[in-house]
Amino acid sequence: MRIVIPAYPAFNIYSNVANKTTALGPVCVATSVRELRNWDVEVIDENNFSLHGPRTEQGKVDHSLLQRLRSADVVGFYGGLTSTVPRLYELARFYKKEGVITVAGGQHFVEETMPEAFASGIDYIVRGEGEVTIQQLLLSLENGSDLKSVKGLAYYEGGKIIQTPPREPITDFEALPLPDFSLVRYARISIYPVERIRGCGMDCEFCTVKGKPRFASPERLLEQISNLVETRDARHFFIVDDLFGQQREETIRFCRMLFEYQRRINLRLDFTVQIRLDKAKDGELLSAMRKAGINTVAIGFESPIEEELQIMRKHIVPEEMIKMARVFQRFGFLVHGMFIFGYPLAEGVFSMPVAERVRRFRIFIRQARIDTVQVLLPVPLPGTELRQRLLRQNRIYPSGDVGWEYYDGNFPVFEPDPPVAAEDLQMAVQQIMGKFYRFRYFFLVVINVFAFPCLLFYLHRLRDGWKKWYRNWRNTLVRFGGWVLMKGWRKQYQQGDFVYKLERARGRLKGRQQ
Ligand code: B12
Ligand code: SF4
């Protein structure tokens, strides 16, 4: 079996990270397949694929050559990111033509998207967690036994879609093998994704992650980390739990164990986590995290506008947000702030000119002293309440014009609240990001480098001088790098045919409404 993580459709703010890491889900599923007696398995990550690996003349991963080198009987696809789904379907059609059985899993595949998947070369869809379902599916295919007994599966038979009963969410994580990253071929991984908690207790309208959180033990997470340090020389980790700090006492215990482990092996490791802003109220948790080497926190601020936060169901108010962001700063975390610009509100509830919204975002970002920011447009992802709301209002652009490849937060994919035009929202995001990531930071990087010897001279006098210098240097470098990224993105946008597609989609929506 080969599991493919399809390439991002275009250059994206995350492209840089994607070629240093990999998706954890497919590695977990592949590890599960590895346990089966008659099966051999590999993972191909198109976003992290060596330049020396088999590639076509256009630079894409050459699946035809891969298939000749190590022919797969079954190919699985990671459908965790909707924006990569057009590439997923392109590959599924290719493998289908080669006579290979195709299986897809991941967040994109819900009731709404199943028909298109079966029409695009997918034989089986695994719904929800894949570790157990894939084993049972492969065994059934091997023995020719009845697929109806495999829970969590969907397939097309006799002109209709069959869905077997849903599988219960995994609760006994200790029964699963540790994810085996050596199954990922042609990849160079320097940031390892690890996890302890699946699910999230919150209920944000735009998010696909739903369901009660389920926890593995701190010991298991430490085991994942120590295994990677000791077998793969890993140093950087992304704890992909949706909300770090759930099950507070166990999280603090984990942080203490992690600190002890690093002391024992005499190494400092580097961790990034995703956390809610209101964890700022928990000083004990934050200080345990810092001691454990958690250096970067990614926080979904989403918006500084109260009405937007309410409809998103973020359960937080803007006045508290700046204070809380600063607490993370004081503890020495690098804060990566994630924002959504132009969230659609219920009609007639509230209206604010785009220029005013831009101003509020800018002021907020400056006052909260966020180290790096990511401002994206709202994306009505399959399976979310936001999508259902906008579908009911007939605001989502038809997929024939604005396809899934545009669902990465960089493009408007639905009609914004009147009287705002989609183009204005996109321009506004560029304005906010453009103010943050600027060319002039190049000069500050240079100044910071020259300031380094002076820093050494005064180091004994400055409290935390080194840390301050590093933070400054790192942030100016990132902000200059961000400018380069944005320039590339703008060029790509201008050269692409999105503007034309948008015009057509709008026309079609209007036609439908009349
Ligand atoms: C880590 C992470 C990232 C990382 C790495 C992404 C990656 N996976 O490659 C980074 C930071 C790069 C990232 C970026 C983005 N992300 Co992200 N990310 C996550 C996060 C927090 C964890 C993913 C993870 O490892 N989960 C743990 C594993 C074990 O679960 P899993 O992936 O679901 O896998 C299981 C099943 O789905 C299934 N399965 C998965 N693949 C397969 C394959 C086969 C063959 C089978 C049988 C089964 C199977 O079995 C697995 C094991 O049980 C998820 C949230 C979440 N909880 O999943 C969001 C999530 C995947 N991200 C999301 C989004 C939207 C984005 C962005 C577009 C940013 C944005 N606008 O918010 C960008 C992507 C840029 C782009 N080009 O589109 C959405 C995706 C929803 C969707 N339908 O697209 C999610 C679900 C969060 C959300 N808000 O809803 N992300
Ligand atoms: S956005 Fe974050 S906090 Fe909200 S439901 Fe999703 S994972 Fe949970």
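Tell me yes or no: at least one residue of the stretch 168-184 is of a type outside the set (K, R), within 26 Å of the chain's Cα centre (by Cα) and within 16 Å of ligand 2 (Cβ to nearest atom). Checked against the condition, which is being of a type outside the set (K, R), within 26 Å of the chain's Cα centre (by Cα) and within 16 Å of ligand 2 (Cβ to nearest atom), the stretch 168-184 yields at least one hit.
Yes/no matrix, rows are residues, columns are (1) of a type in the set (G, A, S); (2) in the same structural domain as Q388 (by TED's automatic domain parsing); (3) within 16 Å of ligand 1 (Cβ to nearest atom):
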residue	(1), (2), (3)
G201	yes, yes, yes
K212	no, yes, yes
E230	no, yes, no
Q246	no, yes, yes
L258	no, yes, no
Q262	no, yes, no
I265	no, yes, no
A280	yes, yes, no
S287	yes, yes, no
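Cβ contacts < 6 Å: first residue assigned by TED's automatic domain parsing to the domain that holds V297, restricted to the stretch 313-334; second residue in a loop (DSSP other than H, G, I, E, B) and more than 16 Å from ligand 2 (Cβ to nearest atom), any location; separation 6+ or different chain. Result? Listed pairs, sorted by first residue: P318/P304; Q329/R369; L334/D371. One residue stands out in the stretch 362-385 among those that are in a loop (DSSP other than H, G, I, E, B) and charged (D, E, K, R): the one that is nearest to the chain's Cα centre (by Cα), namely D371. Filtering the stretch 387-413 down to residues that are under 22 Å from the mean Cα position of the chain (by Cα) and of a type in the set (D, E), which residue is nearest to Y500 (Cα to Cα)? So the residue we want is E405. Quick check on the stretch 99-109. Is at least one of its residues farther than 20 Å from A30 by Cα, more than 9 Å from ligand 1 (Cβ to nearest atom) and in the same structural domain as A23 (by TED's automatic domain parsing)? Yes, the stretch 99-109 has at least one match.
Residues in the stretch 296-308 that are within 16 Å of ligand 1 (Cβ to nearest atom) and not acidic (D, E): T296, V297, A298, I299, G300, F301, S303. In this structure, D172 does not qualify as more than 13 Å from ligand 1 (Cβ to nearest atom), crowded, with 16+ Cβ neighbours inside 10 Å and not assigned by TED's automatic domain parsing to the domain that holds H315.
Here the strands (runs of 3 or more DSSP E) wholly within the stretch 212-314 that include at least 2 residues being within 16 Å of ligand 2 (Cβ to nearest atom) and of a type in the set (V, I, T) are 270-275, 294-302.
Based on this model, can you work out whether M352 counts as outside any strand (DSSP E or B), surrounded by fewer than 18 Cβ atoms within 10 Å (Cβ to Cβ), touching a residue at least 40 places away in the same chain (Cβ under 8 Å) and out of contact with any Cys (no Cβ under 6 Å at 6 or more places or on another chain)? Write out each step before concluding.
Working: outside any strand (DSSP E or B): yes; surrounded by fewer than 18 Cβ atoms within 10 Å (Cβ to Cβ): yes; touching a residue at least 40 places away in the same chain (Cβ under 8 Å): yes; out of contact with any Cys (no Cβ under 6 Å at 6 or more places or on another chain): yes.
So M352 fits the description; yes.
As for the stretch 34-43, it holds at least one residue that is crowded, with 22+ Cβ neighbours inside 10 Å and either more than 8 Å from ligand 1 (Cβ to nearest atom) or in the same structural domain as Q135 (by TED's automatic domain parsing) (or both).
Checking each residue in the stretch 37-50 for being closer than 23 Å to R198 by Cβ and over 24 Å from the mean Cα position of the chain (by Cα) picks out only V41. Note on the stretch 310-327: residues that are touching a strand residue (DSSP E or B) at 6+ places or on another chain (Cβ under 7 Å) and either of a type outside the set (A, V, I, L, M, F, W, C) or within 16 Å of ligand 1 (Cβ to nearest atom) (or both) total 2. Going by the conditions given, is G121 on the phi > 0 side of the Ramachandran plot and either surrounded by 15 or more Cβ atoms within 10 Å (Cβ to Cβ) or within 23 Å of the chain's Cα centre (by Cα) (or both)? Spelling it out, G121 is indeed on the phi > 0 side of the Ramachandran plot and either surrounded by 15 or more Cβ atoms within 10 Å (Cβ to Cβ) or within 23 Å of the chain's Cα centre (by Cα) (or both).
Taking the criterion of being within 11 Å of ligand 2 (Cβ to nearest atom), touching a helix residue (DSSP H, G or I) at 6+ places or on another chain (Cβ under 6 Å) and not charged (D, E, K, R), the residues of the stretch 189-211 that qualify are C204, F206. Is it the case that A280 is of a type in the set (A, V, I, L, M), in contact (Cβ under 8 Å) with a residue 24 or more places away in the chain and surrounded by 18 or more Cβ atoms within 10 Å (Cβ to Cβ)? Judged against the criteria, A280 is a match. Tell me, yes or no, whether the stretch 85-93 has at least one residue that is small (G, A, S), in contact with a strand residue (DSSP E or B) (Cβ under 9 Å, 6 or more places away or on another chain) and either outside any loop (DSSP other than H, G, I, E, B) or crowded, with 19+ Cβ neighbours inside 10 Å (or both). Scanning the stretch 85-93 turns up at least one residue that is small (G, A, S), in contact with a strand residue (DSSP E or B) (Cβ under 9 Å, 6 or more places away or on another chain) and either outside any loop (DSSP other than H, G, I, E, B) or crowded, with 19+ Cβ neighbours inside 10 Å (or both).
The values are calculated or read from the model by the stated rules, or taken from the named source; none is laboratory data. These figures come from a predicted structure and were not determined experimentally. For neighbour counting, all protein chains shown are included, and Cβ atoms are generated from backbone atoms with ideal geometry for every residue, glycine included.
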